[in-house]
Amino acid sequence: MLLTQAEENYLKAIFKINEKTNKPASTNAIAKHVSTSAASVTDMLQKLSGKSLIHYEKYKGASLSESGNKTATQLIRKHRLWEVFLFDKLKFPWEEVHDIAEELEHIRSDHLINRLDNFLGNPRFDPHGDPIPNAEGKFMLRNQSTLESLPIGQKCMLVGVTEHSVPFLQHLNGLKIKLGTQIKILEKQSFDRSMIVELDTKTQVTLSHSVVPNLLVKLI
(Lines give C-alpha, C1' and ligand atoms only; values in the text may rest on other atoms or scores of the structure.)
Protein backbone atom coordinates (compact mmCIF):
# COMPACT_ATOMS: atom_id res chain seq x y z
CA MET A 1 0.00 0.00 0.00
CA LEU A 2 1.49 3.32 -1.09
CA LEU A 3 1.10 5.99 1.57
CA THR A 4 1.74 9.72 1.55
CA GLN A 5 4.43 11.19 3.78
CA ALA A 6 1.70 12.77 5.91
CA GLU A 7 0.02 9.39 6.43
CA GLU A 8 3.34 7.82 7.38
CA ASN A 9 4.04 10.64 9.84
CA TYR A 10 0.67 10.09 11.52
CA LEU A 11 1.31 6.37 11.90
CA LYS A 12 4.69 7.06 13.47
CA ALA A 13 3.16 9.65 15.81
CA ILE A 14 0.48 7.20 16.95
CA PHE A 15 3.14 4.52 17.50
CA LYS A 16 5.21 6.82 19.71
CA ILE A 17 2.22 8.04 21.72
CA ASN A 18 0.91 4.48 22.20
CA GLU A 19 4.39 3.37 23.27
CA LYS A 20 4.83 6.20 25.76
CA THR A 21 1.35 6.17 27.33
CA ASN A 22 0.38 2.51 26.78
CA LYS A 23 -3.09 3.64 25.68
CA PRO A 24 -4.79 4.91 22.51
CA ALA A 25 -3.47 8.21 21.16
CA SER A 26 -5.90 11.09 21.68
CA THR A 27 -6.68 13.57 18.93
CA ASN A 28 -5.05 16.38 20.89
CA ALA A 29 -1.89 14.37 21.55
CA ILE A 30 -1.55 13.57 17.86
CA ALA A 31 -2.23 17.18 16.89
CA LYS A 32 0.56 18.33 19.18
CA HIS A 33 2.94 15.69 17.84
CA VAL A 34 2.42 16.57 14.17
CA SER A 35 1.81 20.31 14.74
CA THR A 36 -1.64 20.60 13.23
CA SER A 37 -5.25 21.18 14.27
CA ALA A 38 -7.50 18.67 15.97
CA ALA A 39 -9.91 18.89 13.03
CA SER A 40 -7.15 17.93 10.58
CA VAL A 41 -6.20 15.00 12.82
CA THR A 42 -9.78 13.72 12.85
CA ASP A 43 -9.90 13.79 9.05
CA MET A 44 -6.62 11.86 8.79
CA LEU A 45 -7.65 9.29 11.40
CA GLN A 46 -10.79 8.55 9.44
CA LYS A 47 -8.70 8.09 6.30
CA LEU A 48 -6.20 5.78 8.05
CA SER A 49 -9.05 3.81 9.60
CA GLY A 50 -10.58 3.37 6.13
CA LYS A 51 -7.28 1.85 4.99
CA SER A 52 -7.31 -0.54 8.00
CA LEU A 53 -4.06 0.95 9.33
CA ILE A 54 -5.48 2.02 12.69
CA HIS A 55 -8.27 1.25 15.11
CA TYR A 56 -10.08 4.53 15.75
CA GLU A 57 -13.09 5.34 17.84
CA LYS A 58 -14.22 8.93 18.28
CA TYR A 59 -13.44 10.33 21.75
CA LYS A 60 -11.46 7.17 22.62
CA GLY A 61 -8.38 7.68 20.46
CA ALA A 62 -6.39 5.68 17.93
CA SER A 63 -4.15 2.63 18.05
CA LEU A 64 -2.32 0.87 15.25
CA SER A 65 -3.58 -2.21 13.47
CA GLU A 66 -1.11 -4.98 12.68
CA SER A 67 -0.36 -3.50 9.25
CA GLY A 68 -0.16 0.02 10.66
CA ASN A 69 2.26 -1.11 13.35
CA LYS A 70 4.46 -2.81 10.75
CA THR A 71 4.57 0.37 8.65
CA ALA A 72 5.36 2.58 11.65
CA THR A 73 8.09 0.23 12.89
CA GLN A 74 9.80 0.24 9.50
CA LEU A 75 9.67 4.04 9.41
CA ILE A 76 11.32 4.17 12.82
CA ARG A 77 13.94 1.66 11.63
CA LYS A 78 14.80 3.83 8.63
CA HIS A 79 14.80 7.03 10.68
CA ARG A 80 17.15 5.71 13.33
CA LEU A 81 19.51 4.07 10.85
CA TRP A 82 19.81 7.37 8.98
CA GLU A 83 20.54 9.10 12.29
CA VAL A 84 23.40 6.66 12.91
CA PHE A 85 24.75 7.27 9.40
CA LEU A 86 24.59 11.05 9.81
CA PHE A 87 26.17 10.96 13.26
CA ASP A 88 28.82 8.25 12.81
CA LYS A 89 29.80 8.67 9.17
CA LEU A 90 29.05 12.31 8.32
CA LYS A 91 29.83 13.61 11.83
CA PHE A 92 26.66 15.64 12.29
CA PRO A 93 26.11 16.56 15.96
CA TRP A 94 23.36 14.61 17.72
CA GLU A 95 21.11 17.66 17.91
CA GLU A 96 20.99 17.98 14.09
CA VAL A 97 20.38 14.43 12.91
CA HIS A 98 16.68 14.14 13.79
CA ASP A 99 15.33 16.74 11.37
CA ILE A 100 17.40 15.42 8.47
CA ALA A 101 16.38 11.84 9.21
CA GLU A 102 12.73 12.96 9.18
CA GLU A 103 13.14 13.56 5.45
CA LEU A 104 15.30 10.53 4.67
CA GLU A 105 12.97 8.07 6.42
CA HIS A 106 10.46 8.34 3.57
CA ILE A 107 12.83 6.78 1.03
CA ARG A 108 10.98 3.62 0.02
CA SER A 109 13.80 1.28 -1.00
CA ASP A 110 14.00 -1.65 1.43
CA HIS A 111 17.12 -2.82 -0.42
CA LEU A 112 18.82 0.50 0.34
CA ILE A 113 17.90 0.37 4.02
CA ASN A 114 19.13 -3.22 4.39
CA ARG A 115 22.40 -2.24 2.71
CA LEU A 116 22.64 0.78 5.01
CA ASP A 117 22.06 -1.42 8.06
CA ASN A 118 24.84 -3.80 7.00
CA PHE A 119 27.17 -0.92 6.12
CA LEU A 120 26.73 0.52 9.61
CA GLY A 121 27.40 -2.84 11.27
CA ASN A 122 23.77 -3.54 12.23
CA PRO A 123 23.58 -0.98 15.05
CA ARG A 124 21.00 -1.65 17.75
CA PHE A 125 20.73 1.90 19.10
CA ASP A 126 20.69 5.35 17.50
CA PRO A 127 22.71 8.44 18.59
CA HIS A 128 20.05 9.30 21.20
CA GLY A 129 20.07 5.80 22.66
CA ASP A 130 16.77 4.73 21.10
CA PRO A 131 16.55 1.08 19.99
CA ILE A 132 16.60 0.38 16.26
CA PRO A 133 14.20 -2.37 15.16
CA ASN A 134 15.69 -5.04 12.92
CA ALA A 135 14.29 -5.99 9.52
CA GLU A 136 11.64 -8.15 11.26
CA GLY A 137 10.55 -5.22 13.42
CA LYS A 138 12.04 -6.54 16.67
CA PHE A 139 13.55 -4.10 19.17
CA MET A 140 16.48 -4.93 21.45
CA LEU A 141 15.65 -4.39 25.11
CA ARG A 142 18.18 -3.44 27.79
CA ASN A 143 18.22 -2.79 31.50
CA GLN A 144 17.94 0.94 32.07
CA SER A 145 16.50 3.40 34.56
CA THR A 146 15.74 7.09 34.68
CA LEU A 147 18.40 9.06 36.48
CA GLU A 148 15.60 10.50 38.61
CA SER A 149 14.80 7.09 40.11
CA LEU A 150 18.28 6.38 41.47
CA PRO A 151 19.51 7.04 45.04
CA ILE A 152 22.23 9.41 46.20
CA GLY A 153 25.67 7.86 45.79
CA GLN A 154 24.70 5.70 42.82
CA LYS A 155 27.08 5.58 39.85
CA CYS A 156 25.66 5.10 36.38
CA MET A 157 26.29 5.75 32.70
CA LEU A 158 24.08 7.70 30.29
CA VAL A 159 22.65 5.38 27.62
CA GLY A 160 19.74 7.40 26.24
CA VAL A 161 17.63 10.53 26.29
CA THR A 162 13.87 10.76 25.97
CA GLU A 163 13.90 14.40 24.83
CA HIS A 164 15.34 15.03 21.36
CA SER A 165 14.75 18.76 20.93
CA VAL A 166 17.66 20.89 19.75
CA PRO A 167 17.64 23.16 22.86
CA PHE A 168 17.69 20.15 25.20
CA LEU A 169 20.57 18.42 23.42
CA GLN A 170 22.50 21.68 23.14
CA HIS A 171 22.02 22.15 26.88
CA LEU A 172 23.57 18.72 27.49
CA ASN A 173 26.41 19.66 25.15
CA GLY A 174 27.07 22.70 27.31
CA LEU A 175 27.23 20.49 30.39
CA LYS A 176 29.64 18.10 28.59
CA ILE A 177 27.11 15.28 28.90
CA LYS A 178 26.72 12.74 26.09
CA LEU A 179 25.97 9.04 25.69
CA GLY A 180 28.58 7.09 27.62
CA THR A 181 29.16 9.84 30.19
CA GLN A 182 29.52 8.38 33.69
CA ILE A 183 27.50 10.09 36.40
CA LYS A 184 27.57 9.88 40.20
CA ILE A 185 24.61 11.30 42.13
CA LEU A 186 25.83 13.59 44.91
CA GLU A 187 22.70 15.43 46.08
CA LYS A 188 18.97 15.66 45.45
CA GLN A 189 17.27 18.97 46.19
CA SER A 190 13.78 18.49 47.67
CA PHE A 191 12.70 22.09 46.91
CA ASP A 192 12.99 22.05 43.12
CA ARG A 193 13.88 18.37 42.57
CA SER A 194 17.13 19.31 40.91
CA MET A 195 20.16 17.06 41.26
CA ILE A 196 23.86 17.70 41.80
CA VAL A 197 26.01 15.13 40.06
CA GLU A 198 29.66 14.45 39.38
CA LEU A 199 30.66 13.56 35.83
CA ASP A 200 33.52 11.29 34.82
CA THR A 201 35.53 14.44 34.10
CA LYS A 202 35.34 15.08 37.88
CA THR A 203 33.18 18.11 37.11
CA GLN A 204 30.17 18.80 39.33
CA VAL A 205 27.03 20.10 37.62
CA THR A 206 23.47 20.83 38.69
CA LEU A 207 20.73 19.20 36.63
CA SER A 208 17.29 20.81 36.75
CA HIS A 209 14.10 18.78 37.07
CA SER A 210 13.36 19.52 33.42
CA VAL A 211 16.53 17.59 32.56
CA VAL A 212 16.75 14.75 35.08
CA PRO A 213 13.63 12.70 34.08
CA ASN A 214 14.79 12.69 30.44
CA LEU A 215 18.09 10.92 31.12
CA LEU A 216 18.20 7.13 30.79
CA VAL A 217 21.07 5.36 32.49
CA LYS A 218 22.41 1.92 33.36
CA LEU A 219 24.10 1.10 36.64
CA ILE A 220 27.86 0.69 36.80
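The values are calculated or read from the model by the stated rules, or taken from the named source; none is laboratory data. The model shown is predicted, which means the values in this text are computed figures rather than measured ones. We place every Cβ from the backbone using ideal geometry, glycine too, and count neighbours over all the protein chains shown.
Quickly run through region 149-160 and pick out the residues that are surrounded by 13 or more Cβ atoms within 10 Å (Cβ to Cβ) and either in a loop (DSSP other than H, G, I, E, B) or not assigned by TED's automatic domain parsing to the domain that holds ASN214 (or both).
Restricting attention to region 149-160, the residues satisfying the condition of being surrounded by 13 or more Cβ atoms within 10 Å (Cβ to Cβ) are 150, 154-160.
Correct list: LEU150, GLN154.
Select, from GLU96, GLU19, GLU83, the only residue that is acidic (Asp, Glu), out of contact with any helix residue (DSSP H, G or I) (no Cβ under 7 Å at 6 or more places or on another chain), modelled with pLDDT of 95 or more and closer than 18 Å to ASP126 by Cα. Before the answer, list the steps.
On the way: GLU19 fails: modelled with pLDDT of 95 or more; GLU83 fails: out of contact with any helix residue (DSSP H, G or I) (no Cβ under 7 Å at 6 or more places or on another chain).
Going through GLU96, GLU19, GLU83 in turn, the sole match is GLU96.
Within the bounds of region 136-144, is there any residue that is within 28 Å of LYS188 (Cα to Cα) and not basic (Lys, Arg)?
So the first thing to find is which residues in region 136-144 are within 28 Å of LYS188 (Cα to Cα), and the list is 142-144.
Going one step further and asking which of them are not basic (Lys, Arg), we end up with 143-144.
Looking through region 136-144, at least one residue is within 28 Å of LYS188 (Cα to Cα) and not basic (Lys, Arg).
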Exercise. Taking SER40, is it within 25 Å of GLU163 (Cα to Cα), among the hydroxyl-bearing types (Ser, Thr, Tyr), out of contact with any Lys or Arg (no Cβ under 8 Å at 6 or more places or on another chain) and not assigned by TED's automatic domain parsing to the domain that holds PRO131?
Worked result: no
For this session: Would you check which residues across region 134-143 are within 15 Å of the chain's Cα centre (by Cα) and either more than 17 Å from VAL84 (Cβ to Cβ) or modelled with pLDDT of 95 or more (or both) and list them?
Result: LEU141
Seminar exercise, completed: ILE107: passes all of (1) in a loop (DSSP other than H, G, I, E, B); (2) modelled with pLDDT of 95 or more but (2)
Exercise. If you scan region 13-44, which residues turn out to be over 19 Å from PRO133 (Cα atoms) and either in contact with a Gly (Cβ under 9 Å, 6 or more places away or on another chain) or charged (D, E, K, R) (or both)?
Worked result: LYS23, PRO24, ALA25, SER26, THR27, ALA29, ILE30, LYS32, ASP43
Exercise. (1) touching a residue at least 40 places away in the same chain (Cβ under 8 Å); (2) touching a Phe, Trp or Tyr at 6+ places or on another chain (Cβ under 8 Å): which one isn't true of SER145, the others all being true?
Worked result: (2)
Exercise. Considering only residues of region 59-95 that are touching a Gly at 6+ places or on another chain (Cβ under 8 Å) and basic (Lys, Arg), which is farthest from MET44 (Cα to Cα)?
Worked result: ARG77
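Filter region 36-95 down to the residues that are among the small types (Gly, Ala, Ser) and in contact (Cβ under 8 Å) with a residue 24 or more places away in the chain, then identify the one that is surrounded by the fewest Cβ atoms within 10 Å (Cβ to Cβ). Can you show your working first?
Taking region 36-95 as the starting set, the residues that turn out to be among the small types (Gly, Ala, Ser) are 37-40, 49-50, 52, 61-63, 65, 67-68, 72.
Checking the rest, the ones that are also in contact (Cβ under 8 Å) with a residue 24 or more places away in the chain come to 61-63, 67-68, 72.
Working: GLY61: 22, ALA62: 28, SER63: 18, SER67: 14, GLY68: 24, ALA72: 26.
Applying the filter and picking the extreme gives SER67.
Every residue, every condition in (1) over 18 Å from the mean Cα position of the chain (by Cα); (2) assigned by TED's automatic domain parsing to the domain that holds ILE177; (3) closer than 15 Å to ALA72 by Cα, yes or no:
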site	(1), (2), (3)
ILE100	no, no, no
HIS106	no, no, yes
ASP110	yes, no, yes
LEU116	yes, no, no
PHE119	yes, no, no
ARG124	no, no, no
PRO127	no, no, no
PRO131	no, no, yes
For this session: Test each condition in (1) of a type in the set (Phe, Trp, Tyr); (2) touching a His at 6+ places or on another chain (Cβ under 9 Å); (3) over 30 Å from LYS176 (Cα atoms) for TYR59 and report the one that comes out false.
Result: (2)
For this session: Could you pull out every one of the helices (runs of 4 or more DSSP H) wholly within region 1-101 that has 3 or more residues that are small (Gly, Ala, Ser)?
Result: 38-50, 66-84
